[in-house]
Amino acid sequence: MTINEAQTTVDRWIKTIGVRYFNELTNMAMLTEEVGEVARIIARRYGEQSEKESDKAKDLGDEMADVLWVLICLANQTGVDLTEAFQKNLEKKTIRDATRHQENEKLL
């Protein structure tokens, strides 16, 4: 599935099953909540915090997909073409960071 197809699929789902989009502020709060759930798994599974028994069954991929879902909702609501935005962002990073990371002593 392309990014554009994902945006179309989410939009169709919202309009047929979800009734309507939550407003942008609600979706922003939901995005923050979902990112927090990803952070919790990462901190406990890969970081130094111990993982609680109740967290062990949590699916990191599913939580990441929740983040992507809400981000796509926000893009759809605000008229952002994520394919175009991602391509421009990649170009920006490629130009800006052409040698930056190779010259970073911390990464060597």
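The values are calculated or read from the model by the stated rules, or taken from the named source; none is laboratory data. All of these numbers come straight from a predicted model, not from anything done at the bench. We place every Cβ from the backbone using ideal geometry, glycine too, and count neighbours over all the protein chains shown. To get the accessible areas, we keep the full protein, side chains included, count just its heavy atoms, and leave off ligands, DNA and RNA. Shrake-Rupley method; radii C 1.70, N 1.55, O 1.52, S 1.80 Å.
At-a-glance table
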{"quantity": "Computed [θ] at 222 nm, helices only, for the chain once each DSSP H run of length n ≥ 4 contributes -39500 (n - 2.57)", "calculated": "-22000 deg cm²/dmol"}
{"quantity": "Solvent-accessible area per residue, Å², over the chain with all protein chains present [probe radius 1.4 Å]", "calculated": "76 Å²"}
{"quantity": "In range of the label at K58: residues from the range 20-51 whose backbone nitrogen is under 14 Å from the point 7 Å along Cα→Cβ", "calculated": "32-51"}
{"quantity": "Carbon and sulfur %, accessible surface of the chain computed with the full protein complex present, 1.4 Å", "calculated": "58 percent"}
{"quantity": "Within the chain: Cβ-based charge dipole about Cα centre, in debye rounded to nearest 20 (Lys, Arg +1; Asp, Glu -1)", "calculated": "140 debye"}
{"quantity": "V80 versus R45: modelled label distance in nm, points set 7 Å from Cα along the beta carbon direction", "calculated": "2.5 nm"}
{"quantity": "Shape category assigned to the chain from the gyration tensor of Cα positions, a/c cut at 1.5", "calculated": "oblate"}
{"quantity": "Separation of the Q87 and K15 label points, Cα + 7 Å toward Cβ, nm", "calculated": "2.3 nm"}
{"quantity": "Sites matching chymotrypsin sites (Phe, Trp or Tyr not before Pro) across the range 1-96 that sit in DSSP coil, with at most 13 neighbouring C-beta atoms within 10 Å", "calculated": "Y46"}
